[in-house]
Ligand code: 5AD
């Protein structure tokens, strides 16, 4: 039997997609990178915004068209929260976030009965799963260390699908998982979670302690990157880790959402713009190039031109190296969806465009500032003699002739598109023109 398995949305979904692939492979199913002519299709869905939900539906319909007789399975947040919409896309099995761990049981049952089934139970399961590989990226692996979110951001639907209870993977299991991936050759491990900064709240551990254990117990050449983490969860201890540990990438994704304290309050974000700026100052006192990427929502209900301008100012002052801009989207059941003073769609579009312009200019300045510096690139792809990869600051590099999967010391020559062109440090002839 052959299967096609893919995902939309966040890194946690990406990690869990790898878990699904490994379950299928253990059962002797061949997982194909090509969605045509397969017996089973699995989509790990997303519904963080209306757009993500639309893409999930579209993808499911496409998979159905490509494989009219195959078993079509939808798992993940969208199928967890809105099975009825998913059903309309011709899906056979609609499974929630907990059920994706036992996907084989449901697949076997379907193969026998061939009956449509919806199975969604509460998502607060304990996490102890491990991946062995990360085929989608080959050189970089994601490790989910936490699930669930106990915050109440007024726009966000994710806790409903992921559970309100913080559940952390035990330190020993994370260490084993990382050790195993590193010994298989993965050079970058990205720690990820639904609310990463809350790691250990349930077990009495914390992120800093976990990082110390990883660095102590995992031998070999590798680096660790943290994925999205909230301002209020970045402790002084964690900041100190960046100072002393070269294996920790000097990059954080800190989703600020808005540059207006008034809007942050109505979003229920529990921090202020001043706290964001203080944090950045601390990080850059450790490393002047410390890279901070962010998420911003434009057009939140009640966002005035003045509020939006504050967001633009924050982007400039913060020198974000990358901004993921989201248009505010009403999510069913959230407090924000019931707020008045919705920003009209054309105005949201206009603000998106302005934000993207400012963000691109700021990011271009950030890349320009890298010129002449020595960076370490993890080469992830080679095409026509040119190698591509990201450095520790999450800047994308283009360089000549190095092998995939190697951490390579380079010197940045010039900015190029959304990244930079670099050369192997010390080798003047390795140029990409
Ligand atoms: N509308 C727009 N963007 C949203 N996000 C979460 N919920 C919404 C929503 N209702 C964005 C936030 C978050 C990212 C993962 O998705 O910016 O950080």
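The values are calculated or read from the model by the stated rules, or taken from the named source; none is laboratory data. Because the structure is predicted, anything quoted here is derived from the model rather than measured. Note: ideal-geometry Cβ built from the backbone for every residue, glycine included; neighbour counts use all protein chains shown.
So here's what we get for this one:
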| quantity | calculated |
| --- | --- |
| Some residue of the range 341-363 being surrounded by fewer than 16 Cβ atoms within 10 Å (Cβ to Cβ) and modelled with pLDDT under 95 | no |
| Residue count for the range 32-63, restricted to those that are in a helix (DSSP H, G or I) and buried (at least 17 other Cβ atoms within 10 Å of the Cβ) | 8 |
| The listed residue being within 30 Å of residue 78 (Cα to Cα) and within 16 Å of the ligand (Cβ to nearest atom), out of 315, 323, 276 | 323 |
| Selection count where residues are out of contact with any helix residue (DSSP H, G or I) (no Cβ under 6 Å at 6 or more places or on another chain) and within 16 Å of the ligand (Cβ to nearest atom), scope the range 49-62 | 6 |
| For residue 65: the one exception among (1) within 16 Å of the ligand (Cβ to nearest atom); (2) farther than 24 Å from residue 157 by Cβ | (1) |
| Output for the range 68-125, where each listed residue is in contact with a helix residue (DSSP H, G or I) (Cβ under 7 Å, 6 or more places away or on another chain), part of a helix (DSSP H, G or I) and crowded, with 21+ Cβ neighbours inside 10 Å | 77, 78, 79, 80, 81, 86, 99, 100, 103 |
| Odd one out for residue 355, checked against (1) in a helix (DSSP H, G or I); (2) under 15 Å from residue 259 (Cα atoms); (3) more than 23 Å from the chain's Cα centre (by Cα) | (3) |
| Condition met for residue 137 (away from the ligand (no atom under 15 Å from the Cβ), within 30 Å of residue 170 (Cβ to Cβ) and surrounded by fewer than 21 Cβ atoms within 10 Å (Cβ to Cβ)) | yes |
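This table checks each residue for (1) assigned to a helix (DSSP H, G or I); (2) within 18 Å of the chain's Cα centre (by Cα).
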{"position": "145", "(1), (2)": "no, yes"}
{"position": "149", "(1), (2)": "no, yes"}
{"position": "161", "(1), (2)": "yes, yes"}
{"position": "165", "(1), (2)": "no, no"}
{"position": "175", "(1), (2)": "yes, no"}
{"position": "182", "(1), (2)": "yes, no"}
